[in-house]
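**Q** Below you'll find the structure I mean.
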Amino acid sequence: FEGRDLKFGDIESVVYLCHLIASRKGIGDLLAQGVKKASQALGKGSDHFAIQVKGLEWSGYESWWAPANMLAYMTCDVGSHHSRAWAITHDIAVGREQMEGKARRVIELQHIRPMFDMLGACRLPWVELGIDLNHYADIFSVITGIDYKLEDLLHASERVWNLTRAFWKREVPEFGRSFDYPPPRFYKEEIPTGPARGHKIPMEDLDKLLDDYYQLRGWMKDGLPTREKLLALGLDYVVRDLEAGDTAAAGT
């Protein structure tokens, strides 16, 4: 750091690091690869402070004591991000301490958000303006001339969700349940300040959330879609691709 004394929360330190990262200068070359790879390179327990899932840094809502939002970030296909399921309002509505039903709500939201992406539509009319989700199917049907119901669009979203999961497995052979865990700090440390002080979601509760989530999705306990689930969704070519990869791996 060229003799500079960096301090947490200091805006000048943030600006300085941003310049290093943008120019790939010195330590910035490592930090530009993200906190997961940086912590792996630096070691010394730094992974405890690498706030990420699947290599993507945590966005927006820390979710230290918000089980639904935590699960949404853990299982998001791109990593810890709220774009696939913004579940913090559900935690607030039904209670942060409640675990039951959280996995089901996360899955519902994870099917709604990809639908918006496929339609090229914004979630604002639904979230901020309260437009009924069925109208998205109505508009799609009017534009295309194809009769689509909301459940048809959500079924397509489920196909997308399983497809991206299979893509992860194909591209990263070691992919599985371990990729769905949050950074250790979130389940080992209690919240230090504020109204939620002293709370955390322990590992046994995180595992229960994942077990519920996988079961509802029809996945195995390692977090991978079953052959039956992929076939039921019409993704037979994905099954062939994955099985071919397993055969090749066994041969090597």
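**Q** What does the accessible area per residue of segment 1-139 come to in Å², with a 1.4 Å probe and no ligands, DNA or RNA counted?
**A** I get 54 Å² per residue for this part.
**Q** In whole Hz, with x marking every Gly and Pro, tabulate ³J(HN,Hα) for segment 206-218 from phi via Karplus 6.51 cos²θ - 1.76 cosθ + 1.60, θ = phi - 60°.
**A** Residue by residue, segment 206-218 yields 4, 5, 5, 4, 5, 4, 4, 4, 4, 5, 5, 7, x Hz.
**Q** Next question. Take the cross-link list K44/K188; K54/K169; K102/K149; K44/K169; K37/K229; K54/K200 and give me the ones stretching past 23 Å between alpha-carbons.
**A** Details: K44/K188 17 Å; K54/K169 12 Å; K102/K149 26 Å; K44/K169 29 Å; K37/K229 33 Å; K54/K200 21 Å.
From the list (K44/K188; K54/K169; K102/K149; K44/K169; K37/K229; K54/K200), the Cα-Cα distance tops 23 Å for K102/K149; K44/K169; K37/K229.
**Q** Can you list residues whose amide H is under 5 Å from H82's amide H, if they're 5+ apart or on another chain and H is modeled 1.01 Å from N?
**A** Here the answer is S59, since their amide H atoms fall under 5 Å of that of H82.
**Q** Something else about it: Taking Cα atoms, how many degrees apart are the long axis of helix 236-251 and the longest axis of the chain, rounded to 10 and kept between 0 and 90?
**A** Compared with the principal axis, the helix lies near 50 degrees.
**Q** Could you work out what % of the accessible surface of segment 100-174 is carbon and sulfur, using a 1.4 angstrom probe and leaving DNA, RNA and ligands out of the count?
**A** Details: 2500 of 4340 Å².
The C+S portion of the solvent-accessible surface of segment 100-174 is 58 percent.
**Q** OK, next. Please list 3J(HN,Hα) in residue order for segment 37-45, calculated via the Karplus relation 6.51 cos²θ - 1.76 cosθ + 1.60 where θ = phi - 60°; whole Hz, with x for glycine and proline.
**A** The phi angles translate into 5, 5, 5, 5, 6, 7, x, 6, x Hz.
**Q** Which distance in Å, rounded to a whole number, links the C-alpha centroids of segment 13-42 and segment 49-96?
**A** 24 Å
**Q** Which whole-Hz couplings ³J(HN,Hα) result when phi for each residue of segment 21-29 is put into the Karplus expression 6.51 cos²θ - 1.76 cosθ + 1.60, θ = phi - 60°, listed in order with x for Gly and Pro?
**A** Here the 3J(HN,Hα) series is 5, 4, 8, 6, 9, x, 5, x, 5 Hz.
**Q** Translational D (Stokes-Einstein, µm²/s) of the chain at 37 °C and 0.692 mPa s when Rh comes from the Kirkwood sum over C-alpha pairs?
**A** Stokes-Einstein gives a translational diffusion coefficient of 161 µm²/s.
**Q** Taking only DSSP H segments of four or more residues, each worth -39500 (n - 2.57), what value at 222 nm results for the chain once the sum is divided by all its residues, to the nearest 500 deg cm²/dmol? Present the calculation step by step, with values, prior to reporting the outcome.
**A** On the way: 13 runs with 138 residues, N = 252.
The per-residue figure over the chain is -16500 deg cm²/dmol.
**Q** Here's another thing I want to ask about it. Using Cα springs under 10 Å in a Gaussian network model of the chain, which residue among V160, V239, V142 shows the largest mean-square fluctuation?
**A** Largest GNM mean-square fluctuation: V142.
The values are calculated or read from the model by the stated rules, or taken from the named source; none is laboratory data. These figures come from a predicted structure and were not determined experimentally. We work out accessible area using only protein heavy atoms, side chains counted, and drop any ligands, DNA or RNA first. Shrake-Rupley method; radii C 1.70, N 1.55, O 1.52, S 1.80 Å.
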